[in-house]
Amino acid sequence: MAIRSKTFRESYYEDIKLFKTIWIKSWIGLLLVVLAVLPLIGDPYIIYLINISCIATVAALGLNILTGFTGQISLGHAAFFAIGAYCTAIISSRFQLPFWICLPASGVVAACAGLLVGIPCLRLKGLYLAMATMSFGVVVEYVVITWDSVTKGVRGIGVPTLNLLGYPLDSNNKLYYFMIVLTALAIIAATNLMRTRVGRAFIAIRDRDIAAEVMGVSLTQYKVMAFAISSFYAGIAGGLYAYVMEYIHPEHFTFLLSVQYLAMIIVGGLGSILGSIFGAVFITVIPEFIKGLAQFLTLLFPAIEDKYDDGWNIAAFGLLIMLFLIFEPKGLSGIWTRIKTCFKNWPYTY
Amino acid sequence: MEVKKIRTVLLVIALICLFASPALAERGVTKDTIKLGLILVKTGPVAALGLPDGHGMVDYMKYLNDQGGVHGRKVKVIWEDDEFQAPKSVAALKKLIHRDKVLSLITSGGSNQTIANMKTINKYKISNIPNALMREFFDPYQPYIFAMGATYECQYQCIVDYIFNDMKDKNPRIGVVYAKKEYGKIGLKAIRERAKAYGVDLVSELVLPTGAVDASSQVLTLQKNKVDYVITCGVLPPVISFLKTAEKYSYKPKAVFGFNWATDDMIVKACGKGAENYIGVNFVGGWADDSPGIKLVRKVAEKYGRDAKSIGLTSLYVHGIGASYLFGEAFKRAGKDLNPDSLKAAFETFRDFDTGGIFPPLTYTDKSHAPPEMVKFFKADVPNKRLVTVTGWRTPKKMK
Amino acid sequence: MNAGLMFFIQLVISGIALGCLYALIAVGFVLILKATDILNFAQGEVIMLSAFICYFLVTTFHLPFLLAILLTGIIAGLMGFVTERLVLRPMLGEPVFAVVMVTIGLSIFLRSMAGILFGHNNLVFPSPIPKEAVRMGGIVLSQTEIWLMLSTFVLITVFFIFFKYSRMGLAMRGTADDQDVALLMGISVKQVFALIWAVSFITAAVSGVFLANIMVINLGLTFVAISAFPAIILGGLESIPGAIIGGLAIGIIENLAGGYLDQIIGGGVKDVTPFVVLFLVLMIRPYGLFGKKEIERV
């Protein structure tokens, strides 16, 4: 038997396997165990942070499929997210429909909206596309605020508790497993999608759209598909958001949220599933972490407590984003790969 | 094998779900301290509103501590910044409850944030005074929300009453300039209905966004429609933009009205002569008032090294002191045995409680936490760059 | 003249004044975009910071207004240099996305630093420009607006001459056209970039000073930059004249929508219309009105 060092693959199939080594399998198993026992030791604050990280992950996955894999920049992701959230809120509160109708419906409605934007935007590229999607976001915000009779406008709309087969998930701790399972499904689906012809077509379009077309990838079909899939993810994430917050309001879905999603995938790593997860968790959790750290410091040095300005927390967050990207432009997933290869090849690091 | 595995996992999950419900324990009160939370925006563009308010709240609690505290306990306030975003506000409340273990919140911030937190507030019995003034907070009755401040409906009804009764105009041409926020839309509806009750229709209804650079199209339209009374439903920056633009086009309606978030000395400081015809309503006393409550406010401010300039929006500082004042009083009434229930019960003993002119006299019972629906009118005093009180507390007139 | 026509003309004129502001902001964006392909998300923060700096120079340091403006410009220019050197230089040659993200990080950083340094209170600039409006045959323009239009005009002319005739301007245009070729021709691309950032920040400072004269100074000023986005795209990303025409067009469209549409449709179409127009224009001309169509090689 050959001694295995570095990657040693014998067939193409091995290269695209979901879990490439036994190690990956066991690490993921360990992660699942940790996630499973977490509610026992963590307080609702942590659980809530994980829940919103899950939502962010699903939305970021969607944006990464569109922007990271297919290369179509979108600054309107919050709009699709809002459409999903409102769809769930409206149909679950008006018609008392269960989640297994509401959530897919949110995804589908958002995907339709994605088609609506995707088709006229086919000719657009780069920043022009970004601005067109941003315009769509502004229009959606306007519609949500103005269409009082359906969306309840600026009063916001309440969302009934998610009822899982007769068992109401009325707290974040109870929602937790639901969120984890759905997020895991979303991750697996996205990973699988990228292993198929569709995924490869997306990447081909990103790398050189003209060359892709020459090779027989239908630009129209796949670009529109990317838009639809991405919005579908955003819609599902929006639906989950509605269930977690139990109340949504137009102010939750501003342009800044779109920028935040973009930040997630860039900080995490464009065109990387793992990157979407890292980025989503980073952008959601780090500000809270910094806040906690600051509070800890003021406990250590009570003298500065009155003088301390919370602006420093946010400044530190901004600085952290800059430093990360200056250090590793491929984002967190780049750092991850670097650390991984470092361990894998140790002691022959280079 | 696989099925078995899944089954075990499901069982574990079910068990965890069962045990995951958190236990209610005594929070935030020890022999010598009371821990209070405070969720208000501290950073970003909206901080101009959040900071003076929160400073007022914290300063009064410091003042209370320096007076010896309440029943031998000192109050410690932990102020969490929510950046005016609902998800962050929800996280902040969870952190305050589970990490810092606070007894209650002085305020849960704006309407959007408070409603998002409603369930937690009820579950953990967080008595608090939200900053927003929505009817939903007390109608239907919410056990732990103590609404303070006249609702937007009431404020705008009072304004329309003022046009008809004080300015004695029988057939006024009223125009509304509103922001597309809760207050704007609620305000617009209230004005429209109230004017209708007097038998008058609104002449113009125009949107003025919060970040408006200028208000040319709005002012010109109002001017073209010969509107005599402009009622603004927007916060300070857009109202200032509006007044400045109106001055530019020498558009001089008989009065420009504003509600509580725009009734601050700032408006006269910013617009000078442009604010001449500004009339505002507010449910807190003015900074320059001579009432004992406002004197206390100025005393507290001076004690902790603040003056009108460093505070910024003084009306909000007054509001902050007022909210903490109510909490101080509730602590006193709750006595030695302080817990979420006794705090709520203490609030509910308020009967026409007089804050000395900071707030109108207020009453809470165990059936209603409705705010006193009263406002004062303020007029611009241009030479002294401030607003002066022109009326006492007023309620909307009963309409037939 | 009848009142309806006057109303229209007045809307257009004040739209032009507003449009000049948008144009000024848009030019700041386009300068960087054209040379480096980066959409600088921190532009709004620079505008806001300059407004604050100018305010404090005038009120705390009691400098005369003109000197304060000059100093604000110099400070902004230095900020541009420093930003380029510390933040953008290390990113040279990295994917555009990462660089754009760095500017987002920078914007978060600068915004909170502004809060820390200057506080969150609404400040009122003691404007030296007289408040009395100028009336010309019934058309009203405030003196601030006249100054704004004049400065925009002067600044644009200066840019025009600079890019057309000066050596550095030519170098900049060359760099914008093709960085590799520019390098081969012996242009110091680094120097060009540093200068571009400085010039762009100075433009932002000018718009910031004018905003300070018009609006209340607070952190919210950053969002004015977002309302200038349609102006950049409408004209086409790479074109400075495009940015100006885009800015003016958006200003006029916004005002007309506010004056006419708002009474029919209602609900604040004023701030949505520019985006709708932008969307429609992009459907017909995917590279904006004056953007150049990229010829791609595979």
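The values are calculated or read from the model by the stated rules, or taken from the named source; none is laboratory data. Just so it is clear, the model here is predicted, and its values are computed rather than measured. We place every Cβ from the backbone using ideal geometry, glycine too, and count neighbours over all the protein chains shown. To get the accessible areas, we keep the full protein, side chains included, count just its heavy atoms, and leave off ligands, DNA and RNA. Shrake-Rupley method; radii C 1.70, N 1.55, O 1.52, S 1.80 Å.
The table below lists the values:
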read-out	value
Test: residue in the stretch A:248-267 that is facing another protein chain (nearest Cβ under 9 Å), outside any helix (DSSP H, G or I) and more than 25 Å from C:PHE229 (Cβ to Cβ)	yes
Qualifying residue in the stretch A:62-76 (condition: among the hydroxyl-bearing types (Ser, Thr, Tyr) and modelled with pLDDT under 90)	no
Scope the stretch B:82-97; condition open to solvent by less than 30 Å² (accessible area, probe 1.4 Å) and modelled with pLDDT under 90; matching residues	B:ASP82, B:ALA86
Some residue of the stretch C:58-68 being farther than 30 Å from C:ARG135 by Cβ, within 13 Å of another protein chain (Cβ to nearest Cβ) and in contact (Cβ under 8 Å) with a residue 60 or more places away in the chain	yes
Residue ID - surrounded by the most Cβ atoms within 10 Å (Cβ to Cβ), chosen from residues in the stretch A:302-312 that are assigned to a helix (DSSP H, G or I) and within 8 Å of chain C (Cβ to nearest Cβ)	A:GLY311
Options B:ASP366, B:ASP337: the member that is open to solvent by 40 Å² or more (accessible area, probe 1.4 Å), modelled with pLDDT under 90 and in contact with an Asp or Glu (Cβ under 7 Å, 6 or more places away or on another chain)	B:ASP366
Count of residues meeting criterion [crowded, with 21+ Cβ neighbours inside 10 Å and polar (S, T, N, Q)] in the stretch C:111-122	2
Breaking point among (1) assigned to a loop (DSSP other than H, G, I, E, B); (2) touching a residue at least 40 places away in the same chain (Cβ under 8 Å), for A:GLY216	(2)
Residue among A:PHE317, A:PHE289 that alone is open to solvent by 80 Å² or more (accessible area, probe 1.4 Å), part of a helix (DSSP H, G or I), within 13 Å of another protein chain (Cβ to nearest Cβ) and under 23 Å from A:ILE52 (Cβ atoms)	A:PHE289
Residues located in the stretch B:163-195, provided they are surrounded by fewer than 23 Cβ atoms within 10 Å (Cβ to Cβ) and of a type in the set (Phe, Trp, Tyr)	B:PHE164
Members of the stretch B:133-151 found to be open to solvent by less than 10 Å² (accessible area, probe 1.4 Å) and within 14 Å of chain A (Cβ to nearest Cβ), listed by number	B:LEU133, B:MET134, B:PHE137, B:THR151
From A:VAL144, A:VAL198, A:VAL224, A:VAL139, residue being open to solvent by 40 Å² or more (accessible area, probe 1.4 Å), modelled with pLDDT of 90 or more and not in a strand (DSSP E or B)	A:VAL139
Cβ pairs under 7 Å, 6+ apart, first in the stretch A:42-70 and in a helix (DSSP H, G or I), second crowded, with 24+ Cβ neighbours inside 10 Å and among the basic types (Lys, Arg)	A:TYR45/B:LYS95
Exclusive hit being at the interface with another protein chain (Cβ under 8 Å from one of its Cβ atoms) and among the aromatic types (Phe, Trp, Tyr), set C:PHE223, C:PHE201	C:PHE223
Lone unmet requirement of (1) free of Cβ contacts under 8 Å to residues at least 12 places away in the same chain; (2) out of contact with any Pro (no Cβ under 7 Å at 6 or more places or on another chain) for C:GLY268	(2)
Residue list for the stretch A:111-136, restricted to those being modelled with pLDDT under 85 and buried (at least 19 other Cβ atoms within 10 Å of the Cβ)	A:LEU127
Qualifying residue in the stretch A:331-339 (condition: open to solvent by 20 Å² or more (accessible area, probe 1.4 Å), part of a helix (DSSP H, G or I) and more than 24 Å from A:LEU262 (Cα to Cα))	yes
Qualifying positions in the stretch C:118-142 - of a type in the set (Lys, Arg) and more than 10 Å from chain B (Cβ to nearest Cβ)	none
Residue match in the stretch B:83-102 (condition: more than 14 Å from chain A (Cβ to nearest Cβ) and in contact with a helix residue (DSSP H, G or I) (Cβ under 6 Å, 6 or more places away or on another chain))	no
All helices (runs of 4 or more DSSP H) inside the stretch B:110-224 with 3 or more residues being among the polar types (S, T, N, Q)	B:111-123, B:216-224
Some residue of the stretch B:131-144 being of a type in the set (S, T, N, Q) and touching a Ser or Thr at 6+ places or on another chain (Cβ under 8 Å)	yes
Scope the stretch B:196-217; condition more than 8 Å from chain C (Cβ to nearest Cβ), at negative phi and surrounded by fewer than 23 Cβ atoms within 10 Å (Cβ to Cβ); matching residues	B:LYS196, B:ALA197, B:TYR198, B:VAL200, B:ASP201, B:LEU202, B:VAL203
C:ALA133 at pLDDT below 85 and open to solvent by less than 50 Å² (accessible area, probe 1.4 Å)	yes
Neighbours by Cβ (under 6 Å, 6+ apart or cross-chain): first from the stretch A:148-164, within 11 Å of chain B (Cβ to nearest Cβ) and in a loop (DSSP other than H, G, I, E, B); second of a type in the set (Phe, Trp, Tyr) and buried (at least 19 other Cβ atoms within 10 Å of the Cβ)	A:GLY156/A:TYR247
Candidates C:GLY242, C:GLY246 - the one that is in contact with a Phe, Trp or Tyr (Cβ under 6 Å, 6 or more places away or on another chain) and more than 8 Å from every other protein chain (Cβ to nearest Cβ)	C:GLY242
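Every residue, every condition in (1) in contact (Cβ under 8 Å) with a residue 12 or more places away in the chain; (2) more than 30 Å from C:THR72 (Cβ to Cβ); (3) of a type in the set (Lys, Arg); (4) open to solvent by 50 Å² or more (accessible area, probe 1.4 Å), yes or no:
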| site | (1), (2), (3), (4) |
| --- | --- |
| C:VAL192 | yes, no, no, no |
| C:GLY208 | yes, no, no, no |
| C:MET215 | no, no, no, no |
| C:LEU219 | yes, no, no, no |
| C:VAL224 | yes, no, no, no |
| C:VAL277 | yes, yes, no, no |
| C:VAL281 | yes, yes, no, no |
| C:PRO286 | no, yes, no, no |
| C:LEU289 | yes, yes, no, yes |
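For every residue, the table says whether it meets (1) within 14 Å of chain C (Cβ to nearest Cβ); (2) β-branched (Val, Ile, Thr); (3) within 26 Å of B:ASN165 (Cα to Cα).
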position	(1), (2), (3)
B:ASN225	yes, no, yes
B:PRO237	yes, no, no
B:TYR249	yes, no, no
B:ILE267	yes, yes, yes
B:TYR278	no, no, yes
B:PRO292	no, no, no
B:GLY312	yes, no, no
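Residue-by-condition table, conditions (1) at pLDDT 90 or above; (2) of a type in the set (A, V, I, L, M); (3) touching a Lys or Arg at 6+ places or on another chain (Cβ under 9 Å):
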site	(1), (2), (3)
C:ALA204	yes, yes, no
C:PHE223	no, no, no
C:ALA228	no, yes, no
C:ALA243	no, yes, no
C:ALA249	yes, yes, no
